1. Which entry in [x] 52, 39, 35; [y] 49, 48, 28; [z] 46, 42, 27 is this structure's computed Cα extents along the principal axes in Å?
2. Return a whole-number percent for the relative contact order of the chain, with Cα pairs under 8 Å and 6 or more residues apart as the contact set.
3. Quick one: which of 79/157; 43/170; 25/170 span more than 29 angstrom between C-alpha atoms?
4. Counting other Cβ atoms within 10 Å, which trypsin sites (Lys or Arg not before Pro) in region 1-70 have at most 15 and lie in a DSSP loop?
5. If I model a spin label at residue 39 and residue 83 as a point 7 Å from the Cα along the Cα→Cβ vector, what separation in nanometres do I get?
6. Using per-residue counts of other Cβ atoms within 10 Å, averaged over each peptide, order 148-155, 163-170 from highest down.
7. Using alpha-carbon positions, what is the distance between the centroids of region 3-29 and region 177-213, in Å?
8. If you filter region 173-213 for GluC sites (Glu not before Pro), then keep DSSP loop positions with at most 16 other Cβ within 10 Å, what is left?
Amino acid sequence: MNFLDFMVECGALLFGDFTLKSGRKSPYFVNTGEYKTGAQVSKLGDFYADMIRSSGQEFNVLFGPAYKGIPLAVITAAKLASDGINVNISFDRKERKDHGEGSSIMGYIPKDGDRIAIIEDVTTAGTSIRETIALMEAQGVKAEITALYISIDRMEKGTENISATEQIKKDYGIEVYSIATARDIIGYLENSNIENSAQYAEKMREYLKNYGA
């Protein structure tokens with residue numbers, strides 16, 4: 001199944017009028033919280049694992065920023081393990097635990113020399129990269145972040161006149177990989193039977209004209 005077909009079927013890719021965290025008005029919205037069944041999450045893990053394998057990146061830690069990155073890291077690591085690729089799973093807490101082990105990180109605790117890949121749903125400003133770097137520095141860990149894996153690249157401008165993903169590479173030397181892009185969604189709509197698909201495709205082209213890199 002095509003990834004965008006899968007997202008629409010699950011209700012994770014929506015078309016209409018949405019206000020993003022940035023305040024921008026968007027004609028589409030990605031909501032990975034709509035993956036609600038074991039079968040859906042398993043299939044999502046397949047898509048992510050395929051992307052990771054094809055990227056050729058080597059790492060030993062898959063880090064999922066709380067909260068949406070946590071299930072993505074777990075299911076993707078499980079899928080990779082089924083192919084003989086065994087990586088450690090690590091994720092953070094939104095609030096530091098004040099009892100028990102009291103750590104900000106759960107699962108595998110990264111160490112000096114580790115190679116870390118971050119997994120997320122989408123990125124628009126590279127927030128997860130900055131926060132993960134800050135988290136590792138706070139832990140006193142000298143680890144290398146090698147890649148960021150996301151489902152959709154919105155292809156929007158970062159702080160400069162380049163895309164947020166290009167900005168991440170420029171600022172941190174980190175490659176960003178996506179299963180699909182905003183332009184893929186436009187192409188998908190142009191060949192879709194979704195109601196008002198042509199109208200949504202035109203709105204997305206206009207959106208990228210205003211905010212895209």
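The numbers here are math on the coordinates, done by the rules we state, and not lab data. Since this is a predicted model, take the numbers as computed values, not measurements. Note: ideal-geometry Cβ built from the backbone for every residue, glycine included; neighbour counts use all protein chains shown.
1. Computed from these coordinates, Cα extents along the principal axes in Å corresponds to label [x].
2. 17 percent
3. Violating the 29 Å Cα-Cα cut-off are 79/157; 43/170.
4. Answer by residue number: 21, 24, 36.
5. 2.3 nm
6. Ranked by mean Cβ neighbours within 10 Å, highest first: 148-155, 163-170.
7. Value for the Cα centre distance between the two parts: 10 Å.
8. 195
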